[in-house]
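Since the structure comes first, as structure tokens, the remarks are kept for the end.
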Amino acid sequence: MCSLCGVLGCDDHWTSAIARPGVYTRNTDRLNRRREAANRIKLANALLESRRLKIAEWQGTSYVLSSPTGRTRIFESLAHLWPEAEAMTGRDFDPLDPDFLDRLRQS
């Protein structure tokens, strides 16, 4: 399958919920959804910094994870971030690891 097919899918993850019957969300309009997405990217980059990785949104539908050497991985949902970071670095990455969180608090 060509990689473009993965890009054309949609990010229907709960973190990007849109207002619809039966669903509570603050993301009631496009501006709020974009603001929330930017906040998630900012937080993810703070977590990824220790591994020298960086994430960016691409075309509002996908994410690009990159390393300082130029390696990149494209995926469509933030739910895939941690497995993609592990695959890229070859090391386990647990964003809830107590030691990791302590280092994050100190910085």
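Do we find that residue 62 is open to solvent by less than 30 Å² (accessible area, probe 1.4 Å) and of a type in the set (S, T, N, Q) in this structure? Judged against the criteria, residue 62 is a match.
The residues of the range 48-59 that are of a type in the set (Lys, Arg) and open to solvent by 80 Å² or more (accessible area, probe 1.4 Å), listed by number, are 52, 54.
The range 22-107 holds helices (runs of 4 or more DSSP H) entirely within its bounds, and those carrying 3 or more residues that are modelled with pLDDT under 90 map to 30-48, 98-106.
The values are calculated or read from the model by the stated rules, or taken from the named source; none is laboratory data. None of these values were measured; they are calculated from a predicted model. These area figures cover heavy atoms from the full protein model, side chains too; ligands, DNA and RNA do not enter into them. Shrake-Rupley method; radii C 1.70, N 1.55, O 1.52, S 1.80 Å.
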